[in-house]
Amino acid sequence: QVQLVESGGGLVQPGGSLRLSCAASGIAISTYRTGWYRQAPGKQRELVAAMTSGGTTNYVDSVKGRFTISRDFAKNTLYLQMNNLRPEDTAVYYCNAVLYWRDYWGQGTQVTVSS
């Protein structure tokens, strides 16, 4: 059974940092295209950051220079380091892993940026 379990969300002040984790079981993230998505209330889910199996990354323009996607093969875990957070980053963040027709999602973790 495949599971992606996110953690690390919470409430943070503007300018603060959080690191999200996505622990995978049942798959090896090294072979998957992985990514972080977010969905704010009333908005569509958007891709925030992605990483190919080969390690190439891409980011939505609004987070470039602030967010970093990374992975740890030994822990089979995907990360999203988020710095200089803004109120508009408030959303539920989801991790995703795709390989051909296999498409897996985590349950989501809430990130709230507010003073």
What translational D, rounded to a whole number of µm²/s, comes out for region 1-93 from Stokes-Einstein when the hydrodynamic radius is the Kirkwood one over Cα pairs, at 4 °C and 1.567 mPa s?
95 µm²/s
Roughly speaking, what is the stretch gain from residue 2 to residue 30, that is 0.36 nm per residue apart minus the C-alpha to C-alpha distance, in nm to one decimal?
8.6 nm
Can you tell which of 41, 14, 87 shows the greatest fluctuation in a Gaussian network model of the chain with Cα springs below 10 Å?
41
Between residue 98 and residue 17, what FRET efficiency follows from the Cβ-Cβ distance if R0 is 22 Å, with the result rounded to 0.05?
0.20
Ranking 105, 36 from most to least accessible area with a 1.4 Å probe gives 105, 36
Residue (of 108, 90, 78) at the positive-pole extreme of region 52-115, dipole from beta-carbon charges
78
Assign unit charges at the C-beta atoms only (+1 for Lys and Arg, -1 for Asp and Glu), then state the dipole size of the chain relative to its Cα centre in Debye, rounded to the nearest 20.
80 debye
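The values are calculated or read from the model by the stated rules, or taken from the named source; none is laboratory data. What you see is a predicted model; the values in this text were computed from it and never measured. Methodologically, a virtual Cβ is constructed for each residue, glycine included, from the backbone with ideal geometry; neighbour enumeration extends over all protein chains shown. Heads up: the accessible areas ignore ligands, DNA and RNA and are worked out on the full protein's heavy atoms, side chains in. Shrake-Rupley method; radii C 1.70, N 1.55, O 1.52, S 1.80 Å.
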